[in-house]
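Computed from the coordinates by the stated procedures, all read-outs in this text should not be read as laboratory data. In this text, all values refer to a predicted model and were calculated from it rather than measured experimentally. With ideal geometry, Cβ positions are generated from the backbone for all residues, glycine too; neighbour counts draw on all protein chains shown.
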Amino acid sequence: MKRFLPVPTAFILLLTTTLVIGQNIRFSDPETVISDHFWGNLYANGGNSFFCDTPFTSKGFMLSDGYVYPLADVRSALDCGTSRQCEQDNHYRQIASDMHNMVPVRSRTEMGRRNARYEDLGSAVKADECGIRQSAQFFEPPARVKGDVARTVAYMVDTYKLPWLGSAAVFKGWNQLDPPDDGELTRHRHIAEIQGNENPFVTDPERMERL
């Protein structure tokens, strides 16, 4: 039986009034967010890698902080220049600091999916040990996180006016096939508490159909 700790009513009211449906306006220093809030808070006690579901107790050299919507694509969309030039752009720094887009990823997986577009590749492409399918510049995540990917990409598209990284129809299909589970909802709540804003596509998945 699950146990629930009593939470003071005042705290609930405070949390409710401070959370917003909008963009990250609390953080604009990606390095600090990654070290202090992502690894130092969200995953302070370990967790599981996003795509491969491999358990970890702490960040090691085999694990990386990844972005569901890759930062290279953010830089391309903003047309802010090289990595170093974009780091001087306040809007880019704000987007790069958004924890709703950050996930712990195996370093090998992160290297292999850069510059790829999300797509349904089907059974003709063999899945690896993590359930990932890749072909040329296309990447199909494991079925258990397809909805997570779709809702994160939708958040980035809607919140920061970025382009889709593949067909919108594919993401909408993944959203329907893989609704938010307890793990995604718990992670979302924790990020919202730290960052101060929600991903509305997690709390209201049907919102994707209106994009």
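Below are the figures for this structure:
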| item | result |
| --- | --- |
| Net charge contributed by nearby residues that have their C-beta within less than 12 Å of Asp128 (K/R +1, D/E -1) | +3 |
| Label-point separation in nm, Arg108 to Arg210, each point 7 Å along Cα→Cβ | 4.4 |
| Distant alpha-carbon pairs in region 71-168 (separation over 19 angstrom), percent | 46 |
| Kyte-Doolittle mean at least 0.0 and Cα axial length at least 20 Å: DSSP H helices in the chain | none |
| Likely footprinting exposure, Leu165, Leu71, fewest C-beta neighbours within 10 Å first | Leu71, Leu165 |
| Potential extension, Ser58-Thr82 segment - 0.36 nm per residue separation minus Cα distance | 5.5 nm |
| Full-stretch length increase - Ser167, Arg189 - with 0.36 nm per residue and alpha-carbon distance subtracted | 5.1 nm |
| Pairwise centroid distance, computed over Cα atoms, of region 139-211 with region 27-81, Å | 16 |
| Per DSSP, loop trypsin sites (Lys or Arg not before Pro) in region 81-165 with at most 10 further Cβ within 10 Å | Lys126, Lys161 |
| Most mobile of Phe139, Phe61, Phe50 in a GNM of the chain (Cα contacts under 10 Å) | Phe61 |
| Distant alpha-carbon pairs in the chain (separation over 31 angstrom), percent | 17 |
